[in-house]
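J.: Handing you a structure now.
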Amino acid sequence: MGDRGIPKTWRHMNGYGSHTYRWENAGGEKFLGQVPLQDRQGIDS
């Protein structure tokens, strides 16, 4: 269990993806990255 305790609902927690995605722009450059989901309404437990 983390320092913040158990989240009140799924909507009250941040999400961290486990997959790495690859993007390619129009110039052919490739980028790797992950997409974290940050909660805007605040963390509640």
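The values are calculated or read from the model by the stated rules, or taken from the named source; none is laboratory data. Everything quoted here is computed from the prediction, not taken from an experiment. Using ideal geometry, Cβ is built from the backbone for each residue, glycine included, and neighbour counts are taken over all protein chains shown.
J.: Which of the residues spanning the chain are acidic (Asp, Glu) and loosely packed, with under 10 Cβ neighbours inside 10 Å?
T.: Asp3, Glu24, Glu29
J.: From the set of residues in the stretch 27-39 that are modelled with pLDDT of 80 or more and under 14 Å from the mean Cα position of the chain (by Cα), which is farthest from Tyr16 (Cα to Cα)? Let's see the steps before the verdict.
T.: Pass one, the stretch 27-39, residues modelled with pLDDT of 80 or more: 27-38.
Of the ones still in play, those that are also under 14 Å from the mean Cα position of the chain (by Cα) are 33-38.
Details: Gly33: 12, Gln34: 8, Val35: 7, Pro36: 5, Leu37: 6, Gln38: 9 Å.
Once the filter is applied, the top-ranked residue is Gly33.
J.: Looking only at the stretch 10-45, count every residue that is without any contact (Cβ under 8 Å) to a residue 24 or more places away in the chain and assigned to a loop (DSSP other than H, G, I, E, B) and tell me the total.
T.: Number satisfying all stated conditions: 12.
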